[in-house]
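Here it is, the structure, as structure tokens.
We did not get these values from a lab; they are worked out from the coordinates using the rules stated. The model shown is predicted, which means the values in this text are computed figures rather than measured ones. Note that each Cβ is placed from the backbone with ideal geometry, even for glycine, and that neighbours are counted across all protein chains shown.
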Amino acid sequence: MTYLVGEPLDFAADSLAGFVSAHSDLVQAVHGGVVRADASPRGEVAVVVGGGSGHYPAFCGWVGPGMAHGSVCGNIFASPSDSQVVSVARAADNGGGVLLLFGNYAGDCLQFGKGADVLNAEGIDTRVETITDDVASRPVEKWTERRGIAGDFFVVKVAGAAAAAGRDLDAVVEATRRANAATRTLGIAFDAPTLPGAPEPLFTVPEGHYELGLGVHGEPGLSSHPLNGVDEIARTLVDGVLAERPAGARRVGVLVNGLGCTKYEEMFVLYGRVDRLLEAAGLEIVAPIVDEQVTSLDMAGVSLSVVFLDDELEELLLAPALTPAFTRGAVEHAGPRRELAAEASAELAAGSPESAAQGARIAEVVELMARTAAEDSDFLGRLDSIAGDGDHGQGMVLGSRAAARAASAAVAAGAG
């Protein structure tokens, strides 16, 4: 469970505020997330990543020179809103267009897509790309429908390096697509995550077993298996990611990723086996990473990601980067502090007495909805956990609470 929690519903916001304070040299806060602290060269493509919170270092931990220009941060395991997407993308834009990059989940596709529509209407050339590396979630013939999990890291790294190299938006998108098509991930869970303030985990794993094919939003694995030791697990993970090995592939980038509650020593034990198995398969490992890069709160588990490399992808993977969660090489560019435009605040005009009276009645209804959502949040979360990630109760409470506050402010201003 999560121990260091204030108000559970404010956990994501509290965490993000502390992150910005700890890394103010690299990031600064905007409505909906963070952007780089330093300005990027004019005309550089802006890579904007994001999704729900609870996955740190993904996604805000990847903001910095050589990787992302901004990160949109939703609530725990919940997609951000389109207004958050628009806000972060506007702040990150350098005049070279924007690439919105995120894992393939329905809520994220909806909200980032809506945000892209707004940005394109404003004249900011904006493209949307989803990451689909999870081999467990769909068969190979439907690989473009797969979920994005720890392989997000490789795709974002390549996209950010392509942008830093001065490539235009079309070329950055092309490199991103090639990286995604070359990346495969398979993960296992020994125990489930627990939402902040929740009394129990999102699912249970039978004693002495592990779940294969987990999701990083607290979805259980697709099958349960006896825990017969690290050698069998290593073989299962390697076989899973190599099952779709491209013809002629000889070099791979490798990420052994911790999901939040697995010790680094354990991951090194696993990596030693992975290294030998990949070498036996005739593959050369390029710059392996054993680290937490895409977590799921306090989930106990690991995943294995590989990206099958050609010369171009290898060059982009090895390019310098400087972010709160990942550093490689020496980053040459360090521009002046990024200047952010002030967020416009909505002015509420006073309405007629009749309109104000109707507004007050509507505000009462919205307040009732907020109270009802709060009272039934546990039930809504349990209902959602059957098919998804258990965040629906939290999402309904946060959304209805914000609506009630806005309605109350409108009534106080006399607006109808």
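Using each residue's phi in the stretch 54-70, evaluate 6.51 cos²θ - 1.76 cosθ + 1.60 at θ = phi - 60° and report the 3J(HN,Hα) Karplus result to the nearest Hz, with x for Gly and Pro.
The phi angles translate into x, 10, 3, x, 5, 10, 5, x, 9, 8, x, x, x, 10, 7, 9, x Hz.
Identify the trypsin sites (Lys or Arg not before Pro) of the stretch 244-325 meeting these criteria: DSSP loop state and at most 13 other C-beta atoms within 10 Å of the C-beta. Walk me through the numbers on the way to the answer.
Numbers: sites: Arg250, Arg251, Lys263, Arg273, Arg276; in loops: Arg250, Lys263.
The qualifying sites are Arg250, Lys263.
Let me ask another. Just check the stretch 1-135 against the gyration tensor rule for me: Cα atoms, a ≥ b ≥ c as the square roots of the eigenvalues, rounded for a/c under 1.5, and otherwise prolate or oblate depending on whether a/b exceeds b/c.
Values: a/c = 1.79, a/b = 1.30, b/c = 1.38.
Since a/c reaches 1.5 but b/c is at least a/b, the shape of the stretch 1-135 is classed as oblate.
Remind me, relative contact order of the stretch 59-208 in percent, using alpha carbon pairs under 8 angstrom and six or more residues apart? Each step should come with its number before you reach the end.
Numbers: 222 pairs, mean separation 31.3, N = 150.
It comes to 21 percent, rounded to a whole number.
Give, in nm to one decimal, the length gained when the segment between Ala22 and Glu244 is fully stretched (0.36 nm per residue of separation minus the Cα-Cα distance).
Using 0.36 nm per residue and subtracting the Cα-Cα distance, I get 75.9 nm.
Enumerate the amide H contacts of Tyr210 below 5 Å, restricted to partners 5 or more residues apart or on another chain; note that Pro and chain-start residues carry no placed amide H.
His225, Leu227
Just to verify a number: FRET efficiency for Thr144 and Arg42, C-beta to C-beta distance, R0 = 35 Å, to 0.05?
Working: r = 34 Å, r/R0 = 0.97.
My answer for the efficiency is 0.55.
Describe numerically, in nm with one decimal, the distance between label points set 7 Å from Cα along Cα→Cβ at Ile285 and at His209.
Between Ile285 and His209, the label points sit 3.0 nm apart.
Check which residues have an amide H placed less than 5 Å from Asp38's amide H, if you skip close sequence neighbours.
Amide H neighbours of Asp38: Arg338.
Mind giving me the nanometre distance, one decimal, between the label points for Val230 and Tyr3, set 7 Å out from Cα along Cα→Cβ?
For Val230 paired with Tyr3, the spin-label model returns 2.5 nm.
Please report the spacing between the Cα centers of the stretch 190-259 and the stretch 1-58 in Å, no decimals.
Going from one Cα centre to the other spans 26 Å.
Here's a follow-up. Could you sort the peptides 303-312, 278-287, 219-228 by per-residue average Cβ neighbour count (10 Å cutoff), highest mean leading?
Numbers: 303-312: 22.3, 278-287: 13.6, 219-228: 15.1.
Descending packing order for the listed peptides: 303-312, 219-228, 278-287.
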